[in-house]
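Accompanying notes for the structure given below.
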Amino acid sequence: MNWEWAPPTWEAAAILATGTGAVIGATWVGLRQASISERQAAISERQAEIHEHLSEIEALKVRADLFDRRQAVYRAANEWLSFSYAYGRVARPYTSVAETDVEELTDEEKTIAKDFRIAVHDSRFLFRPTVYEAMKLMREIGMALRRIDRSIASARRRAERKGEEANLDQLLDQQEGELDKLHKAGQALDKLFLPELNLGDLIRPPKLSEMSGDPPR
């Protein structure tokens, strides 16, 4: 069989051109889609970085708020102790009939007593248990001192009505013992609070392993 070359017809040229165009078009679309996929991957990666950064910022805000709230508890405890050192008694939120011979209640004293009461309550949720227990102990000492103060005032009034000198030795010994306990509690306050008020540790974002572990005791 003999083959003879014949010039391409317009129809054949059109088919060839269409096929070539289709191949070129498909190649361009493929490259375009690959480029879009790369950009989408880069955008997703960047979004993940932004999300991580925002999470770190939020963690810092939470820790800064925690530091402020812990510092408020520490400040309230210090002011309450300072008042007791200065006046030889604890701050009162109110006065009773048995305390009429004690200094007049001032707004400052009421504020100190109120802030300390709130601090004891908040320390349960903001600190490890040892801090809360120490705050409760100081509150109990303060309550004991107030009871002793009222007993001393009552003993003096009874003695005055009888025209006698009040025998306060036992009550004064009890008062001295409670004040000594309070003084020791105050001396241990900084050491007790320091691990909870380390700003460097507080502002460091927690690692995943730390977040899944048990809270420090």
### Query
Has the range 145-155 got at least one residue that is open to solvent by 100 Å² or more (accessible area, probe 1.4 Å), modelled with pLDDT of 80 or more and under 18 Å from the mean Cα position of the chain (by Cα)?
no
### Task
Would you mention how many residues in the range 167-177 are open to solvent by 30 Å² or more (accessible area, probe 1.4 Å) and touching a residue at least 12 places away in the same chain (Cβ under 8 Å)?
5
### Task
Just name the residue that is most open to solvent (accessible area, probe 1.4 Å) out of those in the range 106-117 that are under 19 Å from LEU182 (Cα atoms) and either within 17 Å of the chain's Cα centre (by Cα) or not basic (Lys, Arg) (or both).
ASP115
### Message
Looking at the range 103-131 only, could you name the residues that are part of a helix (DSSP H, G or I) and free of Cβ contacts under 8 Å to residues at least 12 places away in the same chain?
### Response
ASP107, GLU108, THR111, HIS121, ARG124, PHE125
### Message
Criterion first (of a type in the set (Lys, Arg) and free of Cβ contacts under 8 Å to residues at least 60 places away in the same chain) does ARG89 satisfy it?
### Response
no
### Query
Looking at the range 84-102, which of its residues are assigned to a helix (DSSP H, G or I) and either at pLDDT below 85 or surrounded by fewer than 17 Cβ atoms within 10 Å (Cβ to Cβ) (or both)?
TYR85, ALA86, TYR87, VAL97, ALA98, GLU99
### Query
List, please: which pairs have Cβ atoms under 7 Å, are six or more places apart or on different chains, and start with a residue in the range 140-156 that is more than 13 Å from GLN170 (Cα to Cα) and end with one that is open to solvent by 70 Å² or more (accessible area, probe 1.4 Å) and in a helix (DSSP H, G or I)?
ILE141/LYS181
### Query
Right, LEU189: open to solvent by 40 Å² or more (accessible area, probe 1.4 Å), on the phi < 0 side of the Ramachandran plot and either at pLDDT below 90 or among the β-branched types (Val, Ile, Thr) (or both) or not?
no
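The values are calculated or read from the model by the stated rules, or taken from the named source; none is laboratory data. All values reported here derive from a predicted model rather than from experimental measurement. Note: ideal-geometry Cβ built from the backbone for every residue, glycine included; neighbour counts use all protein chains shown. Side chains included, ligands, DNA and RNA excluded: accessible areas come from the protein's heavy atoms. Shrake-Rupley method; radii C 1.70, N 1.55, O 1.52, S 1.80 Å.
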